[in-house]
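Working notes, beginning with the structure itself.
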Amino acid sequence: MSGSGPTAMLWSPLGSLPLAHLVPTGLGPWGDGMARLVLQPLDLLLLLALVLLALQSGRPWLDRLALMLPLGWLVGGLGGLIVGVELPLALPCAAIVTAMGVLVTLGPVLRLGERLGERLLLTAAAGLPLLFGLVAGSSLAGHGGALPALLGEAVAIAVVTALLLMALDPPHPRWLALGLRVVGSWIAASGLLMLGWLSRHPL
Amino acid sequence: MQRRLSPLPPALVAAVLAPAAAWAHADHHPGGGFVAGFLHPITGLDHLVAMVAVGLWGAVLGPPALWLLPLAFPPVMALGGLLALLGMPLPGGEVGIALSGLVIGLMVLFELRPPLWLAALIVATFAVFHGHAHGAELPAGAHPLHYSLAFVIATGLLHLVGILLGEARRWPGGRALVRLAGAGVALVGLWFLVRALG
């Protein structure tokens, strides 16, 4: 985090903005980046939704997801750093998270895994992290230590994805399958409220 | 032989204390963030009893309503919140919330089992009222996603409490207990209805 003068004056209000930037954790930019996954949880919700969708689809590409998700996010993030200007894409990102939550909730009923097809699911698993990484990278671009922060969050994404895939390895008992759909409905609900909030308080 | 202390207790103590230290600094603004969002449905009695009642009624209805109602409630409630945040008014909001406790409480008390679509419609209608009230009260200074997530999770956990209470029906005397809980919910709902209309 940069320190003095006008930058320091700007930092304080920026820290309280939703979806924005880094919250100082005292662990340096690397730690701030890792913490960002939890403190600015839109990326976390996308990650969770993608993992749940992949688990429901029963495709044999779960192992690939563990690599695609963090890598896609990191590539997007680096792109965002290069762009250097914060992209005003919070609303579309919230809409995507909402839609993903709905898909997770309704997935087994509509047999989405079969209908969407592997190619479309793979495209989503690669493309969406790329987009969210791009947004995150662009929002970090103005900060000192943006690159280590980006790497920190990418590592956090890789670890959380791997842990989730390991812990939720299919086949699932019925209660867990229902529980995962409930999580999907919570993601959708949070996304909807986020959409409303962003409509009222545009960034 | 002297017994060696397991490393677990100190680790456990540290684990218990660490979050408290973290939270102490996390959110000085009572209106914002995860804690405020989590406490919001829990600290409002009208919301609390209605959320628990949804779970109770789900347990009375049995599968698939048991999981369908709690599954559908959060998104529909959020839809109500979205309407509020978009500035769309919902007339009779307080009355609707009070009615939710009264009606669902009575459903539990009398163990009424309407068709699934009707049960879902009743719960969804009330969910919109609850969501609208929550959305209207979402503080401007709060981190919206933290607040929303916590608030949705708390709502879901209240449903779970209701479902677990409802599972007491499997035990002797449990059925009467659940009906009693339904009566309690209905009474609270009635009290709020009188206040709303008064």
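Where a number appears in this text, it was derived from the coordinates with a stated rule and is not lab data. Note that this is a predicted model, so its numbers are computed, not measured. Cβ: placed from backbone, ideal geometry, glycine included. Neighbour counts: every protein chain shown.
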Unique residue being part of a helix (DSSP H, G or I), more than 16 Å from the chain's Cα centre (by Cα) and crowded, with 18+ Cβ neighbours inside 10 Å when the list is B:145, B:118: B:145
Per-region count, the stretch A:156-203, residues away from chain B (no Cβ under 14 Å) and part of a helix (DSSP H, G or I): 12
Filtered residue count, the stretch B:68-83, keeping only those that are in contact with a Leu (Cβ under 9 Å, 6 or more places away or on another chain) and either more than 7 Å from chain A (Cβ to nearest Cβ) or assigned to a loop (DSSP other than H, G, I, E, B) (or both): 4
Pair list, Cβ under 6 Å, 6 or more apart: the stretch A:153-175 residue hydroxyl-bearing (Ser, Thr, Tyr), other residue assigned to a loop (DSSP other than H, G, I, E, B): none
Odd one out for residue A:149, checked against (1) over 17 Å from the mean Cα position of the chain (by Cα); (2) under 17 Å from residue A:80 (Cα atoms): (1)
Residue A:109 vs. criteria free of Cβ contacts under 8 Å to residues at least 60 places away in the same chain, among the β-branched types (Val, Ile, Thr), over 27 Å from residue B:74 (Cα atoms) and more than 9 Å from every other protein chain (Cβ to nearest Cβ): no
Single match in B:138, B:190, B:164 (criterion: more than 15 Å from the chain's Cα centre (by Cα) and either within 14 Å of chain A (Cβ to nearest Cβ) or within 15 Å of residue B:55 (Cα to Cα) (or both)): B:138
